[in-house]
Amino acid sequence: MLLALESSCDETAAAVLAPPSTLLASEVASQVAEHRPYGGVVPELASRNHLLSLRPVIECALSAAGCGLDRMDAFAATSGPGLSSSLLMGNTAAKALALACGRPFIAVNHMEGHLLSPFMEGDLRPHVALVVSGGHTLLVHVRGFGDYRKLGGTRDDAAGEAFDKVGKMLGLPYPGGPEVEQAALGGDPRRFDFPRGMLDSGDFSFSFSGLKTSVLYTLQKLGEPDAATLADLCASFQLAVVEVLVAKAIGAARSCGERTVALSGGVACNASLREGLAVRCAEGGLELLAVAPEHSTDNAAMIARAAAERFARGQFSALAEDVDPNLALTP
């Protein structure tokens with residue numbers, strides 16, 4: 001069995017998994033309430049809270065799994081990308097447990113965890129992955145475990161970051177992404193014709209900064225929006241993001257000759273994105289594998305899933321290996 005820890009940003013998480021993909025426990029301690037007064041994640045506050053939450057989260061995961069540390073065959077943790085001060089908390093804890101128990105340590109790339117999260121209950125197979133989160137927007141051709149080719153990424157803001165920033169512009173609570181989605185319900189997505197950045201660029205890159213600026217200029221013209229206008233703004237913004245993400249993902253699958261599209265990352269919770277991608281995949285005869293909502297935001301289950309693949313291959317990490325806040329998925 002494997003115990004995995006995740007602490008790349010502001011969630012403290014632990015999971016126990018029986019390789020290759022039997023999840024026995026997954027626990028997450030959120031810090032949203034602590035960071036909400038600041039309108040974003042405060043790194044020092046995040047790392048301090050990880051320190052307070054790690055032991056109880058680990059104990060909860062072990063209790064839920066019905067086993068102790070002595071049953072673990074290896075310990076894993078996120079090594080990057082993320083906030084360095086946060087990464088160090090979970091990474092150091094997992095190394096200490098590995099050393100104390102005389103078991104191997106496995107460093108896991110956070111983005112690889114997201115890539116494997118739609119395959120929590122099954123074997124990994126070739127596909128095109130759309131990873132959409134607060135810090136990343138990526139299209140990746142996954143030909144097998146460890147065989148990844150980046151097709152495109154964002155040139156500026158990630159899609160989740162754009163959601164959060166637009167939410168802040170509109171005076172919605174932090175985090176803005178879920179608030180924008182909620183406010184968009186019942187809104188007219190065609191009222192405001194926001195730009196679809198790089199929709200026809202001929203590649204698989206993304207850009208959402210122009211869209212964000214367009215929302216800002218529209219707000220300046222409108223003044224304080226009433227409830228109906230706020231709903232229309234959110235719905236129109238959301239549609240602009242979703243149309244680009246869906247079009248690029250479908251185009252990437254066709255370009256690579258793959259029949260499966262996988263969706264993961266925190267923004268994969270967005271119902272409009274899931275529905276839009278499902279419709280286009282069905283129209284194109286493609287299979288869609290969307291991550292389960294509970295495994296879309298930062299969690300240790302996906303880290304354990306990636307660690308299980310490395311464990312099976314004997315790909316262990318040195319205890320002296322440092323975290324890397326800018327760790328890349330592909331060379």
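Where a number appears in this text, it was derived from the coordinates with a stated rule and is not lab data. Computed from a predicted model, the values in this text were never measured in an experiment. Glycine also receives a Cβ, built like all others from the backbone with ideal geometry; neighbour counts cover every protein chain displayed.
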Review point. At what distance in angstrom do the alpha carbon centres of the range 31-82 and the range 105-125 lie from each other?
Key: 18 Å
Review point. For the chain, treating each Cα as an identical point scatterer without solvent, what Debye log10 I(q)/I(0) comes out at q = 0.08, 0.12 1/Å?
Key: -0.37, -0.82
Practice item. Enumerate the lysines that residue 212 could reach by cross-link, defined here as Cα to Cα under 21 Å, with residues fewer than 8 away along the same chain left out. Key: 165, 168, 221, 248
Practice item. Between residue 200 and residue 71, take the C-beta separation as r, use R0 = 56 Å, and let me know the FRET efficiency to the nearest 0.05. Key: 0.55
Check your understanding: With contacts defined as alpha carbon pairs under 8 Å and 6 or more residues apart, what's the relative contact order of the range 184-269 in percent?
Key -> 42 percent
Check your understanding: Between the range 264-280 and the range 306-331, what is the C-alpha centre distance in whole Å?
Key -> 29 Å
Review point. Given 297, 320, 284, which one lies farthest toward the positive end of the charge dipole of the range 282-331, if we put +1 on the Cβ of every Lys and Arg and -1 on the Cβ of every Asp and Glu?
Key: 320
Review point. Which far-off residues, 5 or more places away or on another chain, put their amide H under 5 Å from the one on residue 151, with H placed in the peptide plane?
Key: 139, 140, 141
Check your understanding: Taking the Cα atoms of the range 126-290, what is the range of coordinates along each of the three principal axes, in descending order and whole Å?
Key -> 50, 28, 28
Exercise for review: Tabulate in residue order the Karplus-calculated ³J(HN,Hα) for the range 257-264, using 6.51 cos²θ - 1.76 cosθ + 1.60 with θ = phi - 60°, rounded to whole Hz; enter x for Gly and Pro.
Suggested key: x, 9, 9, 10, 10, 10, 10, 8
Review point. Just the Cα atoms of the range 218-331: what Rg and Dmax do they give in Å?
Key: 19.2, 59
**Study point:** Label-point separation in nm, residue 326 to residue 32, each point 7 Å along Cα→Cβ
**Key:** 3.2 nm
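Find me the longest stretch of the chain that has none of the exposed GluC sites (Glu not before Pro), where exposed means in a DSSP loop (not H, G, I, E or B) with at most 16 other Cβ atoms within 10 Å.
Details: sites that count: 121, 321.
The reported range is 122-320.
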Study note, to complete from the structure: re the range 66-112: pairs of Cα atoms spaced beyond 11 Å account for a percent value of 64 percent
Review point. Under 5 Å between amide H atoms, partner at least 5 residues away or on a different chain: which partners does residue 289 have, H built in plane at 1.01 Å?
Key: 261, 262, 263
